[in-house]
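Participant: Could you have a look at this structure, given as structure tokens, before my questions?
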Amino acid sequence: MPNKQSALSWVLEYASEHTRQEFFQLGKVISFPRKTLCIRAGEEISNIFFILDGKVQIYNLTKCGKKKILFILGRHSIANESLLSGSSTIYCETLEPCHFFVIRQKALLNLMEKDFGLTRRLLQYQERKIWRLQHQLKNTVGSIYLERKLAAKLWKLSRDFGMPTERGIMIDLDMSITFLADLLGAPRETTSRTCKKLSEYGLIALHKRRIYVIDKENMVCFYKTGIPPIP
């Protein structure tokens, strides 16, 4: 089990010592196995989930009932989309075994009222998440080719969850075609062809449900310009 004080130091960066002690007294660590639905859209939310370790997918469903992944989150993240709303508008599902620090929403809001340092840090986090969402909206299929969109998402995942290997930067996630299709909001067949194209460009390699980013600089250049690297 991860050390909660260390894993949550980012949340309490500006908080007083009294707030830190009260924060840990009011919450508890819980664990979920892989493929557990922790938060469901439409349900009342009474707890805030801080991710201590592991990875989750935050997604919603389209009008056709198709999954659209909004975020892949790991350590130093909050699974909830809102700290104030009484009901959830998203789904949160674990991609691997996860530990969370869970605190009652009302208790957290009470601490935020007492300590602006805590409020400031959580506002910074939410602002960053909104910026990421705005960036994703710019990268819709209508404004950017699917190949570039996938390249941008894989580059981001390699930055957040990458592990250096001889093949390149391995994204430490189980990356099936179905998962990538949900990430892109595109059909499986189209996603498969897009992956093959990036592989032909020499940008990625696929091996045993893992994706390797071969050259991060070429990947950045491609998703920004759409120009494949010169062989």
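The values are calculated or read from the model by the stated rules, or taken from the named source; none is laboratory data. Note that the structure is a prediction, hence the values are computed from the model and not measured. Every residue, glycine among them, receives a Cβ derived from its backbone with ideal geometry; neighbour counts consider all protein chains shown. Quick note on the areas: whole protein, heavy atoms, side chains included, nothing else; ligands and nucleic acids left out. Shrake-Rupley method; radii C 1.70, N 1.55, O 1.52, S 1.80 Å.
Participant: Let me check I've understood the local charge: for residue 86, count other residues with C-beta under 15 angstrom from its C-beta, Lys and Arg +1, Asp and Glu -1. What total comes out?
Facilitator: Charge balance in the 15 Å sphere: 0.
Participant: Can you run phi through the Karplus equation (6.51, -1.76, 1.60; θ = phi - 60°) for region 76-92 and list ³J(HN,Hα) in whole Hz, with x for Gly and Pro?
Facilitator: After applying 6.51 cos²θ - 1.76 cosθ + 1.60, I find 6, 9, 10, 6, 5, 7, 9, 9, 10, 4, x, 9, 8, 10, 10, 10, 10 Hz.
Participant: Now for a separate question. Hey, quick one: spin label on residue 207, modelled 7 Å out along Cα-Cβ, who in region 156-170 has an amide N within reach, i.e. under 13 Å?
Facilitator: Residues 164-170 fall inside that zone.
Participant: Report residue 13's accessible area, 1.4 Å probe, all protein chains in place, as a number in Å² to the nearest 10.
Facilitator: Approximately 100 Å² for this residue.
Participant: What does the charge count near residue 217 come to, summing +1 for each Lys or Arg and -1 for each Asp or Glu among other residues with Cβ under 15 Å from its Cβ?
Facilitator: Value of the local net charge: +3.
Participant: Using the Cα atoms of the chain, I'd like the radius of gyration and the largest Cα-Cα distance, Dmax, both in angstrom.
Facilitator: Computed over the Cα atoms of the chain, radius of gyration and Dmax are 19.0, 59 Å.
Participant: Another question about this same structure. Quick one: accessible surface of residue 115, probe radius 1.4 Å, all protein chains present, in square angstrom to the nearest 10.
Facilitator: Taking all protein chains as shown, residue 115 has close to 20 Å².
Participant: Sort 106, 197, 153 by heavy-atom solvent-accessible area, probe 1.4 angstrom, most to least.
Facilitator: 106, 197, 153
Participant: How much net charge surrounds residue 163 when only the other residues with a Cβ under 10 Å from the Cβ of residue 163 are counted, with Lys and Arg +1 and Asp and Glu -1?
Facilitator: So the environment of residue 163 carries a net charge of 0.
Participant: Would you mind giving the three semi-axes, in whole Å and largest first, of the ellipsoid equivalent to region 144-197 according to its Cα gyration tensor?
Facilitator: Over the Cα atoms of region 144-197, the ellipsoid semi-axes are 20, 11, 10 Å.
Participant: Keeping all protein chains in the complex and leaving out DNA, RNA and ligands, what accessible area do you get for residue 91 with a 1.4 Å probe, in Å² to the nearest 10?
Facilitator: 50
Participant: Ordering 22, 189, 113, 166 from largest to smallest accessible area (1.4 angstrom probe), what's the sequence?
Facilitator: 166, 113, 189, 22
Participant: So, one more: Using the reciprocal of the averaged 1/r over all distinct C-alpha pairs, how large is the Kirkwood radius of region 43-89 in Å?
Facilitator: 11.8
Participant: Still on this model: Taking a threshold of 32 Å on the Cα-Cα distance, which of the pairs 4/66; 55/106; 68/197; 28/216; 35/114 fall above it?
Facilitator: Correct reply: 4/66; 28/216; 35/114.
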